[in-house]
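Step one of this worksheet: look at the structure below.
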Amino acid sequence: MRGSSAHVTPAHALMPHRGAVGEHYSHYLEGLCMSTAHRRRAIRLLMILALSFGVAACGAEGGGEPRSAAGNGKGDVSVWAHEGQDGENKALRKAVLAFNASQSDVRVSLELIPGEDYTETITSTDSADLPDILEFDGPTLANFVHNKKLAPLFKYVSLTTVANATEAVQLQGTIDGELYGLAMYDSGLGMYGNERLLEAAGIDYPKNAEEAWTADTFAQVLAELASKDPDGRILDLQEGNGLATEWGTYGFSPILWSAGGGLIDSRGRAGGVLDSDPVVAAMKEFQSWKPYVDPDPDAFADSDVALSWAGHWMYPAFRKALGDDLVVMPLPDFGNGPKTGQGSWSWGIGAATRHGKAAGRFLDFLLNDDNVMAMTNANGAPPGTVTGLEESRLYGKNGPLRLFTEMLSVPCGSLITYIDKSCVATTRPLTAEYPKVTSEFGKALEAIYSGTDPGSALADAARAIDREPTEKSASGS
C-alpha cells in the first residue's frame with residue numbers, strides 16, 4: 001500500500017461489525033479523514049483493530065492462561081518502570097502525581113526498578129505477580145507476549161490515544177495484529193558531523209535520506225578526511241558502549257537491511273539472511289572502517305574527529321560542544337536505501353490485571369501532549385506521538401533533528417518481511433527469540449570488528465540463532 005494511488009479500500013469496509021463499538025470507531029474515523037496523512041494513519045489503525053477484534057473473538061477461554069479483567073474503572077493501579085536518567089524519573093513521577101491529583105477514582109503507585117535489572121525482573125516474575133501497568137524495552141515485546149505477560153491494549157486504551165501514536169510506534173507495539181505497546185518516545189540514529197572539519201576537507205555532506213552517501217562514497221570520505229588529519233582517526237562509532245551489547249544491534253543492524261539482508265526472515269530463521277552475500281559484503285565494509293575509528297568517547301565532542309555514528313541521545317552533549325558546527329546526516333546506503341534504527345521503551349498492561357479500564361485511563365493521561373513533551377524535553381528523544389512531534393522544538397518542522405522525524409515517518413515495521421528502498425526506519429525483529437538473536441549478532445559484530453572473517457562470523461551466528469534448544473543441549477554448546 002505504501003505510496004500507491006490505486007484502489008484504496010474504504011475505511012468502513014475494513015471495520016469489524018461489533019455493534020456500538022464499530023459505530024464509535026467509524027464516527028471517529030470520519031473526523032480523522034481530513035488529510036492524506038490522517039487517512040493513511042486511520043486505515044493502518046483500522047487494519048490493526050480489525051485483526052485485534054478477530055483474534056479476540058477467536059481466542060480460547062481455557063488453557064489456564066492469565067486473562068485481564070476490565071474492572072469498574074476505579075481502584076489502585078500499580079506501575080513498574082525502569083529507573084532512567086534523573087530528568088526522565090522526575091517527569092514520570094510528576095505525571096503520576098498530576099494524574100492522582102486530577103481525579104479520585106484511580107490511585108496510581110509507581111515503582112522504579114534499576115535499569116540493569118529491569119528486564120530480568122519482568123522475565124523472572126510470574127504473570128500473576130506483575131503490576132497492572134509495566135514499561136518494557138521495545139524488542140522484548142514478542143518475548144513477553146509469548147510468555148503471557150502482556151494484555152492487548154485495544155480494550156482499555158482510547159482510540160484517540162492509539163491514533164495519535166506515530167505509525168512507527170504502532171508497528172513496534174503490534175504482534176499478530178494485536179496492539180500491546182505504546183510509547184511516549186521513539187529513538188533516532190544517524191551520522192553527526194562537524195561542519196567546520198567537513199568543509200575544511202572539501203566534503204559535501206548529505207542533508208536528507210535521498211542524498212545519503214553510498215557505501216563506496218562513504219569509504220572515499222573517510223579516506224579523504226583521514227588524509228588531512230594528524231593521526232588519521234576521524235570516525236566515532238560509540239565503541240565505548242560495546243559492540244556485543246544492545247548498542248551493537250540497534251546501531252549497526254540497519255546496515256544489514258540497507259544491504260538487502262536482515263537479522264532473520266519471516267519464519268524467524270537467520271540462515272540465508274544474516275549470512276547472505278550482500279550482508280557479508282557490507283560487514284567487510286564495516287570492518288574496513290576500523291583504522292579510521294578513534295576509540296576515545298569524547299573524540300567527536302572535542303573536535304578530534306569529523307563524524308560520529310550515534311543516537312539522538314548524544315545530541316545535547318554534541319550541541320553543547322560544537323554549537324552551530326553540528327550537523328545531522330543519514331547513515332550510508334549499502335544498496336537497498338539508507339536505513340535507521342527505531343524503537344525504545346514502551347508501556348503495556350499486565351496480562352493478569354483486574355483493573356484494565358483504570359490502567360487504560362492512566363495510559364491515556366500519560367500519553368497526552370503535556371506528559372510526552374515533559375518526558376522528551378528531559379531525555380531529548382523523538383516524541384512517540386503525532387502531536388508531540390509537531391510541537392517539538394528539536395523534531396518539529398524547523399528543528400535541528402528534523403531529519404530523524406523524516407526518517408521515522410517512513411517505517412519498515414516488523415510486519416514487513418521484505419524491506420526495500422521504500423522505507424527507512426527499521427524495527428529490531430519482534431520475535432520471542434530476540435534475546436538470542438541480539439546476543440549472537442552482537443558476538444559476530446564484535447568478532448568482525450576485531451578482525452574475524454565476516455563470512456565465518458555471520459555463518460556461525462546464523463547457525464546459533466537457528467539451532468533448536470534440543471540441538472543446543474545435545475551438542476553441549
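Pairs of Cα atoms under 8 Å, at least six residues apart: use those to get the relative contact order of segment 398-468, whole percent. Please list the in-between numbers first.
Numbers: 46 pairs, mean separation 15.2, N = 71.
RCO, segment 398-468: 21 percent.
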Per residue, how many Å² of accessible area does segment 90-175 show with a 1.4 Å probe? 40 Å²
Got a sec to turn the phi values of segment 119-136 into Karplus ³J(HN,Hα) couplings, 6.51 cos²θ - 1.76 cosθ + 1.60 with θ = phi - 60°, whole Hz, x for Gly and Pro? 4, 5, 4, 5, 4, 8, 8, 4, 3, 5, 9, 6, x, 5, 10, 9, 8, 8
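Roughly how many Å² is the accessible area per residue of segment 224-302, as a whole number, for a 1.4 Å probe? Before the final figure, lay out each step's value.
Details: 3090 Å² over 79 residues.
Value for segment 224-302: 39 Å² per residue.
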For segment 251-383, the percent of accessible surface on carbon and sulfur atoms (probe 1.4 angstrom, ligands and nucleic acids excluded) is 46 percent
Could you give the accessible area per residue of segment 317-363, probe 1.4 Å, as a whole number in Å²? 29 Å²
Using θ = phi - 60° and the Karplus curve 6.51 cos²θ - 1.76 cosθ + 1.60, what whole-Hz ³J(HN,Hα) does each residue of segment 151-162 get, with Gly and Pro shown as x? 9, x, 8, 4, 6, 10, 9, 5, 5, 4, 5, 5
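Roll a 1.4 angstrom probe over the protein heavy atoms and tell me the percent of accessible area of segment 103-244 that is carbon or sulfur. Please report the intermediate quantities before stating the final value.
Numbers: 2320 of 5370 Å².
Using a 1.4 Å probe with all protein chains present, segment 103-244 comes out at 43 percent carbon and sulfur.
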Amide H proximity to residue 106 below 5 Å, modelled H, separation 5+ or other chain, gives 75
Quick query: amide H of residue 385 versus all other amide H atoms, modeled in the peptide plane; which residues come in under 5 Å with a sequence gap of 5 or more or a different chain? 166
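The values are calculated or read from the model by the stated rules, or taken from the named source; none is laboratory data. Please read these numbers as outputs of a predicted model, since none were measured by experiment. Surface areas here come from the heavy atoms of the whole protein model, side chains and all, with no ligands, DNA or RNA. Shrake-Rupley method; radii C 1.70, N 1.55, O 1.52, S 1.80 Å.
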